[in-house]
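Comments concern the structure below.
The values are calculated or read from the model by the stated rules, or taken from the named source; none is laboratory data. Note that the structure is a prediction, hence the values are computed from the model and not measured. Positions of Cβ are generated from backbone atoms using ideal geometry, with glycine treated the same way; all protein chains shown enter the neighbour counts. For accessibility, only protein heavy atoms count, side chains too; no ligands or nucleic acids. Shrake-Rupley method; radii C 1.70, N 1.55, O 1.52, S 1.80 Å.
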Amino acid sequence: MIESDKTRAAVDRRLMDTVGVEPAAASSSELMRAIALLARERLARRWVAAQAAERGRRRVYYLSMEFLIGRTLGNALAALELRSPAVDAAAAHARRLEEIEEHERDAALGNGGLGRLAACFLDSMATLGIPSFGYGIRYEYGMFEQVIVNGRQVEFPDPWLENGTPWEFPREAVHYPVHFGGWVEHHGERAVWRPAGAVNAKACDMVVPGHGTEKVSTLRLWRAAAPSHIDLHAFNAGDYARAAEVKNAFENISWVLYPNDSTPAGRELRLRQEYFFTSASIQDILARHMEEHGTFANLADKVAIHLNDTHPAIGVAELMRVLHDEQGMPWAEAWALTQRVFSYTNHTLMPEALETWSVGLIQHVLPRHMEIIFRINQELIDFASARRPGDFELMRRISLIDENGERRVRMAHLSVVGSHKVNGVSALHSDLLRQTIFADFAQLWPNRFTNKTNGVTPRRWLAQANPPLARLLDDTLSSAWRVDLDRLAELRAHASRRVFRDAFAAAKRANKQRLAAMIERLAGVKVDPTSLFDVQVKRIHEYKRQLLNLLQVIARYQAIVAAPHAEWVPRTVIFAGKAASSYHMAKQIIRLVHDVGQVVNSDKRVGDRLKVVFLPNYGVSLAEVIMPGADLSEQISTAGTEASGTGNMKLALNGALTIGTDDGANIEIREHVGDANIFIFGLRAPEVNRLRASGYQPMQHYESDQRIRAALDAIAHGSFSVGEPDRYRGLVDSLLWGGDHYLLLADFASYVEAQQRVDALFRDPDAWTTKAIANVAGMGAFSSDRTIREYATEIWGVEPRAGGA
């Protein structure tokens, strides 16, 4: 029996035996479940084989608050080489596989670049055959589902698990107590933590398959469970709220990603979340190590724990607590092991974004850990004092405790001190880490700091997201590019061939038609697929400067109205992204996008020459449609603020040209695709610093540039908020009177000039296509496989297996 026939029969058996439906009557969602169950069984076999093969080997443990994995079915079918048989199985039920895949919900396990990076990394670890686990939280409701109501972001729970998921493997035998509160007793040199309560951490696994290999990685997620489910006595007495109170008080730890931290209760819940998954993960790591090796003496030889940002930084104190307090290991020996085990990736240069916790809160929630942090800090100060005696300013800057105002623990400092390697995520970011926020540490330990530029997996972000282009690459290069992205460089030799350029342009056209259909379905706006699709999709934040983009859009709109008969390049401006629930300014930017869109899209003088749309609830599956359809990639953060970015890589990989500042990985993208194939504008990081130091006056730009003045006046005077003219007064005032912290007005003229260059190039479709090909050809260096090889060999001490074999 050929593979397609076997797959079709296997799907029908699962429909009958597991889903419980007559195959001929199966719905698309039931077919999705049956196909997923078939893939799940094969993944399970690979997982069991991998665990046996990896026993006793050095493993990498990647701790992250987020893993934004998106949908699993398409990726699993590709890795298992089941996609073609699954297409035939769907056709036997008069369905398209793409339609069936739409019935899988995105896993709500992350929000932005941090979580998507972690997901790409697990894919690459599996593909490269690196023994690895990712550790995180099994959020029941994710961050939130974004719904737009009258232009405003409204947050609702994202119940992605309400109908279960076929990809989860509950590990009933794997559970650990995680303790909180209480007090500490000291008996001589020995400390004993007497916690006030505990929550049970239960493991649920998801298998991440490698491509071109049988290897897999494991994503182990922790679910919080109360020690006892309900107070039965209270329930029987009719006090149902109190009966469930204890259960909810414990289990809310794994309900929501990033609960609102604007209240004391919200801040405490966040700290509990971070300790919950970090403690459970370390307990699991140590239990596995002891079962395989029987001693902690070789812990650093067999275990590499990586901190993806500071959310799991409390793990430094937790490992010390376990080794020193529970295992009786001498402090110095435990500390030496801890530093060899941990490594840390920093993801931000902005001091205000570096995580800190009040000393009082940590003392309340984790009293023993606070004592350990104090001791680590004292040894740090002693170490630095011996090298720079009398330099009290240095001691103040490097201290793990910020003494200004309320005493706070600097979690990034703890991560640096407790790790043997610290990396940034782009060349510029890593240089600035050494020069700015970690300058003192870099002087103390110059060899501790390194760079690992981010990357993205081509399996998800090209092969899966962009079938038309993937087929063209297969026909041109063979399918080897999926596991060797450097092969894309060979496209440069094909860019001069008219037949290849035409095929490339046809693939982009098909993707834009798909995106246009999605825009009409989600936003209710009909757009022209032949217009320039100008895309800015990312978390909404002032430093990412969606507002700069919007100011340029308003200036363009006003120019079209002033000269309606000019030959304007038709443009569709596409925004998407979530604002943190307590971030008022970001929410105002979303609302302004909608208000501007309403005015522009309904103005008959403009017609199809300009459309503005906001696509709600941005996530992986939405991105998989947007990225392939984009012509222009907006990467316009203030220079020196974006650590790296990965959206810039995904968009360029799919043939979008970048308009951006010399910031983050934009610099390295420019170096790889060539200056002629990217639109760079604005101040560079040193110029930003000089401008701020000289006393930046944004009002000067308002007074001297009529376009800025007209755009801001239109916002301030209610042109886009009829009936509520002061709706955006605070937003405008933040630019003119609040210092314009992210220098939107300083970069505006340069940005508009770059947009004019974009228009000029887009008028020549063949020239645009040639440069788009150059972008794809230059993206080999931005594979997450390259990034993970560097982590493995230079930080984790693990040798990737060639080709993932």
antiparallel share of DSSP beta bridges within segment 283-433, to nearest 5, in %, is 40
Taking amide H atoms as placed 1.01 Å from N in the peptide plane, list the residues 5 or more away in sequence, or in a different chain, whose amide H sits under 5 Å from that of residue 658.
633, 679
Tell me, what % of the accessible area of segment 637-790 is carbon and sulfur with a 1.4 angstrom probe?
51
I'd like the distance separating the alpha-carbon centroids of segment 136-209 and segment 1-24, in whole Å.
35
Using a probe of 1.4 angstrom, how much of the accessible area of segment 9-154 is carbon and sulfur, in percent?
49
Long-range amide H partners of residue 421 with built H, under 5 Å:
344
So what is the accessible area of segment 237-322 per residue, in Å², with the probe set to 1.4 Å?
34
Starting at the first residue of segment 348-355, write each ³J(HN,Hα) from the Karplus equation 6.51 cos²θ - 1.76 cosθ + 1.60 with θ = phi - 60°, in whole Hz, x for Gly and Pro.
8, 9, 7, x, 5, 8, 6, 5
In segment 348-427, which trypsin sites (Lys or Arg not before Pro) fall in coil by DSSP and have 15 or fewer other Cβ atoms within 10 Å?
407
For the chain, what does the relative contact order come out to in percent, with C-alpha contacts under 8 Å and a separation of six or more?
13
Per the helix-only model, the chain has a calculated mean residue ellipticity at 222 nm (DSSP H runs of ≥4, -39500 (n - 2.57) each, divided over all residues, rounded to the nearest 500) of -14500 deg cm²/dmol
Return the percentage of antiparallel bridges among DSSP beta bridges fully within the chain, rounded to the nearest 5 %.
45
Summing +1 per Lys or Arg and -1 per Asp or Glu among the other residues with Cβ less than 10 Å from residue 646's Cβ gives +3
Could you tell me how far the Cα centroid of segment 108-131 sits from the Cα centroid of segment 700-779, in Å?
34
So what J values fall out for segment 81-88 if you push phi through Karplus, 6.51 cos²θ - 1.76 cosθ + 1.60 with θ = phi - 60°, rounded to Hz, Gly and Pro as x?
6, 10, 5, 4, x, 5, 4, 5
Using DSSP to define loop residues, name the GluC sites (Glu not before Pro) in segment 518-614 whose beta-carbon has at most 12 other beta-carbon atoms within 10 Å.
567
When N counts the residues of the chain, how does its alpha-carbon radius of gyration compare numerically with 2.2 N^0.38 Å, as a ratio?
0.97
Here is the link list: 215/302; 544/650; 604/771; 302/538; 578/650; 611/650. Which ones come out longer than 28 Å on Cα distance?
604/771; 302/538
Apportionment of accessible area to carbon and sulfur, segment 403-498, percent (1.4 Å):
47
From the alpha carbon gyration tensor of segment 86-243, can you work out the equivalent ellipsoid semi-axes (sqrt of 5 times each eigenvalue) and give them in Å, largest to smallest?
37, 26, 18
Percent of Cα pairs exceeding the 17 Å cut-off, where the set is segment 1-135:
64
Segment 125-200 - Kirkwood radius from inverse mean 1/r over Cα pairs (Å)
17.6
Amide H to amide H under 5 Å from residue 296: which residues, 5+ apart in sequence or cross-chain, H placed 1.01 Å off N in plane?
none
Got a sec to turn the phi values of segment 405-421 into Karplus ³J(HN,Hα) couplings, 6.51 cos²θ - 1.76 cosθ + 1.60 with θ = phi - 60°, whole Hz, x for Gly and Pro?
x, 4, 5, 9, 8, 8, 6, 5, 4, 4, 5, 5, 5, x, 10, 8, 9
When ligands, DNA and RNA are left out and all protein chains stay put, how many square angstrom of accessible area per residue does segment 92-134 have with a 1.4 Å probe?
26
